[in-house]
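See below for the structure under consideration.
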Amino acid sequence: MGSSRDIAIGPVAVVSLLLGSLLQDEIDSSTNPVGYRHLAFTATFFAGLTQFILRFLRLGFLIDFLSHAAIVGFMGGAAVTIALQQLKGLLGIKKFTKDTDIVSVMSSVFSSARHGWNWNTILIGISFLIFLSVTKYIGKKQKKFFWVPAIAPLTFVIISTVSVYATRADKHGVEIKIWVSHIVGPIPNKGINPPSVKEIFFSGQYAGKGFKIGVVSGMIALTEAVAIGRTFASMKDYQLDGNKEMIALGTMNIVGSMTSCYVATGSFSRSAVNYMSGCETAVSNIVMACVVLLTLALITPLFKYTPNAILASIIISAVVGLVDIEAVTLIWKIDKFDFIACMGAFFGVVFSSVEVGLVIAVSISFAKILLQVTRPRTAILGKVPRTATVYRNIQQYPDATKVPGILIVRVDSAIYFSNSNYVKERILRWLADEEEHVKENSQPRFQYLIIEMGPVTDIDTSGIHALEELFRALQKRDIKLVLANPAPVVVDKLHASKFQELIGEGRIFLTVADAVRTCYSKMELEP
């Protein structure tokens, strides 16, 4: 149903970790596995419903408020949070906090240090974590050994599972994941995924909790899928239909919630494999699914005695890669406001919860948009040397020269009710500063103010009213207002409001150069 030819759909790390964290906050999977599973299906249903409704209400633009910087911070915070949660398995702690914030987790870890840690478990976990790190380093430094980190996790899991079974280390305090042997799914002679419609909470206290978890995970899943789809669409030079992607993802998760599945989305790594393998259509997902099902049927029974510490080490090793230090550094260099959004999402997740981190990130993104809308940039223009008609920002081009007696100001945004007063006051402030500078240097006074309106894509009644107030303020200073290069829609609205009659005929020009030439010739005729 989607338009992407390359995207590979299924469970992905970020959404899985996010969903698991949010579900665990509501229902403990170890004490109430049935309720936990029901809540997972409920969250999946509402995640799909959210994605589906976004299409019909045309609210897909909401995912754009999760900026790249916010996602980097959120993923980093989620990685730290999930890694901290794995300390329970890595250290062999039996009584562990259900909270996910770093303060609660570290308090639980240190409070159990004396009697709660299992040193056999720690030795297994730390050894495996070091082993994974070394293999990753080898694969990164020596490209020809790319297969080493690829086979390392499965190899060591098999070794550790066999060792635990042979030595019966589980009888000496090493906890194992017994539940791995009881996966019910598409295994020969055991049927397929059972229906789960009756297990979805459509009412009661958990329906609301499932809705909240579903909306959050659904938005993140949609953002990731669209971003991945756009990436590969651009590489193959075809268009991605965002509306179709929303419908496809929404339908998939709604149906999935009724067939014992949890939230799925596009996977970048699997999509990359799809792309490199030469896939042309979404049928590649069917082939991939068949291979996965066959693999599960063959290897699932082998992992009955896999130590918790090994699984914890695998997860820690995987999520550490989600902390993108290089991206954070680049964000800091490019945009400080984006950096604040990134850190807000990171610390919100780490010190509170995933929901708080997302709220902080989106709130900061909204604040940035509001700031840019209500405080547009303005600049004074000067004539670039050795050119006849080029006028640019004097701060960007220090060699650009100002025209005596004429102040040229550019407004870099549409003029609406939200910023019209600011634009007017900012222009008058530029004028006051420049007039003071002119007096100090005994230069000719300003007789014309030219507003370069090329970047002004639109204007409303408040914007026109602000220009009228600016015109009257300039009249009191005996300065004439001139407009240059207004967009067609702006010209139409200025004519409709009879603004050109107010400022006088011949005060609107096609270019700044035309305006300067005309104004300067009239200045020479004035006494």
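The values are calculated or read from the model by the stated rules, or taken from the named source; none is laboratory data. Owing to the predicted nature of the structure, the values given are computational and were not obtained by experimental measurement. Reconstructed Cβ throughout: ideal geometry from the backbone, glycine too, with neighbour counts over all protein chains shown. For accessibility, only protein heavy atoms count, side chains too; no ligands or nucleic acids. Shrake-Rupley method; radii C 1.70, N 1.55, O 1.52, S 1.80 Å.
Where helices (runs of 4 or more DSSP H) fall wholly inside segment 74-157, the ranges with 1 or more residues that are more than 32 Å from the chain's Cα centre (by Cα) and within 18 Å of residue 311 (Cβ to Cβ) are 87-91, 119-141.
Kindly indicate whether residue 135 is of a type in the set (Ser, Thr, Tyr), farther than 30 Å from residue 97 by Cβ and open to solvent by less than 70 Å² (accessible area, probe 1.4 Å). Walk me through it before giving the result.
On the way: of a type in the set (Ser, Thr, Tyr): yes; farther than 30 Å from residue 97 by Cβ: yes; open to solvent by less than 70 Å² (accessible area, probe 1.4 Å): yes.
Yes: the conditions hold for residue 135.
Quick one: would you say residue 107 is modelled with pLDDT of 85 or more, closer than 25 Å to residue 351 by Cα and out of contact with any His (no Cβ under 9 Å at 6 or more places or on another chain)? Let's see the steps before the verdict.
Details: modelled with pLDDT of 85 or more: yes; closer than 25 Å to residue 351 by Cα: yes; out of contact with any His (no Cβ under 9 Å at 6 or more places or on another chain): yes.
Judged against the criteria, residue 107 is a match.
The residues in segment 86-118 that are aromatic (Phe, Trp, Tyr) and surrounded by 13 or more Cβ atoms within 10 Å (Cβ to Cβ) can be counted, and the count is 2.
Out of 476, 522, 498, report the one residue that is within 19 Å of residue 421 (Cβ to Cβ), modelled with pLDDT under 95 and out of contact with any Leu (no Cβ under 8 Å at 6 or more places or on another chain).
It is 476.
Considering only residues that are open to solvent by 40 Å² or more (accessible area, probe 1.4 Å) and not hydrophobic (A, V, I, L, M, F, W, C), look in segment 200-222 and name the one that is nearest to residue 46 (Cα to Cα). Please lay out each step first, then the result.
Initial filter on segment 200-222 (open to solvent by 40 Å² or more (accessible area, probe 1.4 Å)): 201-206, 208-209, 211-212, 215.
Within this subset, residues satisfying the condition of being not hydrophobic (A, V, I, L, M, F, W, C) are 203-206, 208-209, 212.
Working: 203: 13, 204: 15, 205: 15, 206: 12, 208: 10, 209: 10, 212: 8 Å.
Top of the filtered list is 212.
Buried (at least 17 other Cβ atoms within 10 Å of the Cβ) and within 14 Å of residue 220 (Cα to Cα): does that describe residue 22? Spelling it out, residue 22 is indeed buried (at least 17 other Cβ atoms within 10 Å of the Cβ) and within 14 Å of residue 220 (Cα to Cα).
Do we have residue 149 as of a type outside the set (A, V, I, L, M) and touching a Lys or Arg at 6+ places or on another chain (Cβ under 6 Å) here?
Working: of a type outside the set (A, V, I, L, M): yes; touching a Lys or Arg at 6+ places or on another chain (Cβ under 6 Å): yes.
For residue 149, the condition - of a type outside the set (A, V, I, L, M) and touching a Lys or Arg at 6+ places or on another chain (Cβ under 6 Å) - is met.
Counting only residues that are closer than 24 Å to residue 375 by Cβ and surrounded by 18 or more Cβ atoms within 10 Å (Cβ to Cβ), segment 403-413 holds 6 of them.
Mind checking whether some residue in segment 44-54 is farther than 23 Å from residue 272 by Cα, surrounded by fewer than 16 Cβ atoms within 10 Å (Cβ to Cβ) and either more than 15 Å from the chain's Cα centre (by Cα) or at pLDDT 85 or above (or both)?
Initial filter on segment 44-54 (farther than 23 Å from residue 272 by Cα): 44-54.
Checking the rest, the ones that are also surrounded by fewer than 16 Cβ atoms within 10 Å (Cβ to Cβ) come to 53.
Now drop any that are not either more than 15 Å from the chain's Cα centre (by Cα) or at pLDDT 85 or above (or both), which leaves 53.
Yes, segment 44-54 contains a residue that is farther than 23 Å from residue 272 by Cα, surrounded by fewer than 16 Cβ atoms within 10 Å (Cβ to Cβ) and either more than 15 Å from the chain's Cα centre (by Cα) or at pLDDT 85 or above (or both).
Among the criteria (1) over 32 Å from the mean Cα position of the chain (by Cα); (2) not in a loop (DSSP other than H, G, I, E, B), the one residue 423 does not fulfil is (1).
Residues of segment 237-278 that are of a type in the set (Phe, Trp, Tyr) and part of a loop (DSSP other than H, G, I, E, B): 238, 262. Taking the criterion of being open to solvent by 10 Å² or more (accessible area, probe 1.4 Å) and over 18 Å from residue 518 (Cα atoms), the residues of segment 468-490 that qualify are 468, 469, 471, 472, 473, 475, 476, 477, 487, 488, 489.
Would you confirm, using the coordinates I've provided, whether residue 397 is of a type in the set (Phe, Trp, Tyr), in contact (Cβ under 8 Å) with a residue 12 or more places away in the chain, at negative phi and surrounded by fewer than 20 Cβ atoms within 10 Å (Cβ to Cβ)? Yes.
Residues that are in contact (Cβ under 8 Å) with a residue 40 or more places away in the chain: which helices (runs of 4 or more DSSP H) entirely in segment 445-527 hold 2 or more of them?
Working: elements: 461-476, 488-496, 499-503, 512-525.
Output list reads 461-476, 512-525.
Scan segment 3-17 and give yes if some residue there is part of a helix (DSSP H, G or I), hydroxyl-bearing (Ser, Thr, Tyr) and either in contact with a Pro (Cβ under 9 Å, 6 or more places away or on another chain) or open to solvent by less than 30 Å² (accessible area, probe 1.4 Å) (or both), otherwise no. Scanning segment 3-17, I find no residue that is part of a helix (DSSP H, G or I), hydroxyl-bearing (Ser, Thr, Tyr) and either in contact with a Pro (Cβ under 9 Å, 6 or more places away or on another chain) or open to solvent by less than 30 Å² (accessible area, probe 1.4 Å) (or both), so the answer is no. For segment 58-70, the candidate set comprises residues that are among the aliphatic types (A, V, I, L, M) and open to solvent by 50 Å² or more (accessible area, probe 1.4 Å); within that set, the residue that is modelled with the lowest pLDDT is 62. The set of residues from segment 378-393 being of a type in the set (Val, Ile, Thr) and either part of a strand (DSSP E or B) or open to solvent by 30 Å² or more (accessible area, probe 1.4 Å) (or both) comprises 378, 380, 387, 389, 390.
In a residue-by-residue description of segment 222-241, the property of being farther than 18 Å from residue 70 by Cβ, free of Cβ contacts under 8 Å to residues at least 60 places away in the same chain and among the small types (Gly, Ala, Ser) applies to at least one position. With respect to residue 148, determine if the residue is farther than 17 Å from residue 312 by Cα and either surrounded by 13 or more Cβ atoms within 10 Å (Cβ to Cβ) or touching a helix residue (DSSP H, G or I) at 6+ places or on another chain (Cβ under 8 Å) (or both). In short, yes.
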